[in-house]
Structure formats: C-alpha cells, structure tokens
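Comments concern the structure below.
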Amino acid sequence: MTDLKTEEQACDIEEVSLDEGRRMLDDAARQHLNMSAEDFIEAWDEGRFTDPDSLRVQQVAALLPFGR
Amino acid sequence: MPLYFPLAGKAPREAFDAFVSPLQRALSCISDAVFVRSYGSATPGGIRSIIAPTAGRFVPLRGENRLHFSAALQYEIVKTDDPDRGPWKVSTKKYMYHVVTGDMTEVILFHWHPEVPPGPQRGPHLHLGSSQLTRSAVVSHRTHVPTGRVSLESVIELLITDFNVVPRRADWKETLDESRQRFHDWRTWS
C-alpha cells in the first residue's frame with residue numbers, strides 16, 4: 001500500500017479563484033466538446049444539447065459553479 | 001428533495017469541512033487525487049461544487065481493467081433550525097460519478113442532476129456504458145436506469161470489490177464503512 005495523506009488531505013483541498021475556475025471550465029469545454037466556456041454556458045442555459053446527460057456534457061457541466 | 005449531511009457546524013466552514021472530509025478519505029481508498037473546490041465553497045448563498053480530479057479530467061485507477069474515474073458533487077450550505085443539525089449544514093444538489101476506460105469509453109455513470117429535464121432522469125439513475133453492452137442489448141448507454149441515492153463510498157466499494165480496482169489503503173473497508181455510515185445516518189431520503 002502506498003503511504004497516504006488522508007485526513008490531512010481534506011484540509012488541503014484547494015479552492016480555485018473565479019478566474020481559475022473560468023479557465024478550468026473553458027479547458028474542459030474545449031477538450032470535451034470543442035467549444036468555449038461562453039458557448040457552453042449559452043447552449044446549456046438554452047437547453048440546446050440533444051443529450052445533456054452524456055458523459056462529455058456532464059464532465060463540463062460539473063464545472064459550471066466554478067466558472068459562472 | 002435535498003440531502004442533509006451531518007454536517008453541521010457552528011459556522012458554514014465547519015459544515016463544509018464535515019461534508020468534504022469523509023469524501024476525501026473515501027477517495028483516498030483508490031486514488032491520491034484531491035478534491036478541488038469552487039470559489040466561495042465554504043460560504044452560503046449559492047450552488048458550490050467539488051470535483052476530483054480537476055478540469056473535466058479523469059484519474060487513472062490501479063488494476064487489471066485500467067479504469068479511470070471522476071467525481072463531482074454540487075451542494076449548498078444552508079441554515080437550519082434543527083437543533084441537532086445546525087445552525088449550518090450542507091445540502092447536496094447533484095452528483096456525478098463517472099467510470100470510463102483509458103480511451104474515455106463509458107463503463108458506468110452514476111448521475112443525479114434534477115435540473116436536466118424532462119422525465120424520469122430527474123431522479124438518481126445510472127447509465128451502462130457502451131463498452132459493456134452488446135449490439136443486441138435492450139439497454140443502451142442512453143437508458144436511465146433508476147437508482148436510489150448513491151454515495152461516493154458505495155461507488156468506490158463497487159470499484160474495488162467488483163471492478164478489480166486495487167485499493168490504495170489497507171483499511172479501505174473500514175474507511176468506507178465509517179464514511180458511509182454518516183451518509184446513511186444523516187440523509188433525509190434514499
């Protein structure tokens with residue numbers, strides 16, 4: 001078994017800034033859906049994804065609280 | 001209906017710590033990834049999120065199946081009058097636990113995202129990935145198989161016991177049991 005930081009790790013959980021969060025959202029949107037964060041947010045809010053439950057859409061949607 | 005963890009604190013930060021610490025311990029059973037939290041994560045007044053790993057990626061898991069994993073939970077820190085659970089507590093609003101192969105083919109996805117309309121997928125459900133289905137299967141990867149509320153701990157246990165993921169800590173069972181017990185003790189629905 002690997003040496004572990006466990007309980008200590010919980011205290012180290014990193015909070016990202018809004019700018020950083022927006023970058024994360026943008027990176028994920030480009031990686032998974034080939035679109036910008038701005039385009040993703042617009043499409044999400046307007047319900048334009050044909051399969052909003054898909055893996056790639058959900059991987060990006062998980063980051064919405066980080067970047068809006 | 002929201003789910004309340006114990007997670008009560010005299011201050012919002014205390015409630016947040018009580019929420020996230022068991023989740024981080026559970027995650028440590030299979031990965032050295034650390035949750036990342038959104039801005040304002042320990043403050044009330046909006047939907048917050050924790051994800052592991054970062055930016056839409058997956059963590060590789062040890063084991064013959066070479067699986068990859070990601071987890072995301074959205075929550076709100078709310079005030080309550082319940083003397084046993086307050087004054088601050090965490091209400092989970094949404095979760096996603098994704099298990100995929102190395103080339104990002106879906107294996108199994110656990111979802112609860114009530115905001116995505118319409119129909120039965122508003123409740124907790126799972127998707128069987130295309131990698132697990134034959135061409136003639138009645139179920140497709142788009143099928144929403146209803147579930148009860150699924151904890152991160154239960155998904156991690158499934159990975160270890162049934163998907164042959166190699167645990168990273170010898171006390172993984174105790175760690176998951178302890179963490180899951182909190183989930184069961186304090187949830188307000190199943």
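The values are calculated or read from the model by the stated rules, or taken from the named source; none is laboratory data. Nothing here was measured: the structure is a model prediction, and the numbers come from that model. We place every Cβ from the backbone using ideal geometry, glycine too, and count neighbours over all the protein chains shown. To get the accessible areas, we keep the full protein, side chains included, count just its heavy atoms, and leave off ligands, DNA and RNA. Shrake-Rupley method; radii C 1.70, N 1.55, O 1.52, S 1.80 Å.
Remarks
Okay, residues lined up against (1) in contact with an Asp or Glu (Cβ under 7 Å, 6 or more places away or on another chain); (2) over 21 Å from B:His144 (Cβ atoms); (3) of a type in the set (Phe, Trp, Tyr):
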position	(1), (2), (3)
B:Tyr39	yes, yes, yes
B:Thr43	no, yes, no
B:Glu76	no, yes, no
B:Pro87	no, yes, no
B:Ile108	no, no, no
B:His111	yes, no, no
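- Just one of the numbered conditions (1) within 17 Å of the chain's Cα centre (by Cα); (2) at positive phi is not true of B:His68: (2).
- Condition check for A:Pro65: within 7 Å of another protein chain (Cβ to nearest Cβ), modelled with pLDDT under 95, assigned to a helix (DSSP H, G or I) and out of contact with any Leu (no Cβ under 7 Å at 6 or more places or on another chain): yes
- Top-ranked residue of region B:24-64 - restricted to ones that are within 8 Å of chain A (Cβ to nearest Cβ) and assigned to a helix (DSSP H, G or I), ranked as least open to solvent (accessible area, probe 1.4 Å): B:Gln24
- Residue selected from region B:8-44 under the condition without any contact (Cβ under 8 Å) to a residue 12 or more places away in the chain and of a type outside the set (Phe, Trp, Tyr), by the criterion nearest to B:Arg57 (Cα to Cα): B:Gln24
- Enumeration of residues in region B:124-150 that are under 24 Å from B:Thr92 (Cα atoms) and basic (Lys, Arg): B:Arg149
- Condition met for B:Ala15 (surrounded by 23 or more Cβ atoms within 10 Å (Cβ to Cβ) and modelled with pLDDT of 95 or more): no
- Residues in region A:52-62 that are more than 7 Å from chain B (Cβ to nearest Cβ) and of a type outside the set (A, V, I, L, M) were compared, and the one that is nearest to A:Asp26 (Cα to Cα) is A:Arg56.
- When we screen B:Ser136, B:Ser140 for residues that are within 12 Å of chain A (Cβ to nearest Cβ), without any contact (Cβ under 8 Å) to a residue 24 or more places away in the chain and over 27 Å from B:Phe19 (Cα atoms), the only hit is B:Ser140.
- Some residue of region B:75-95 being assigned to a loop (DSSP other than H, G, I, E, B), under 15 Å from the mean Cα position of the chain (by Cα) and modelled with pLDDT of 90 or more: no
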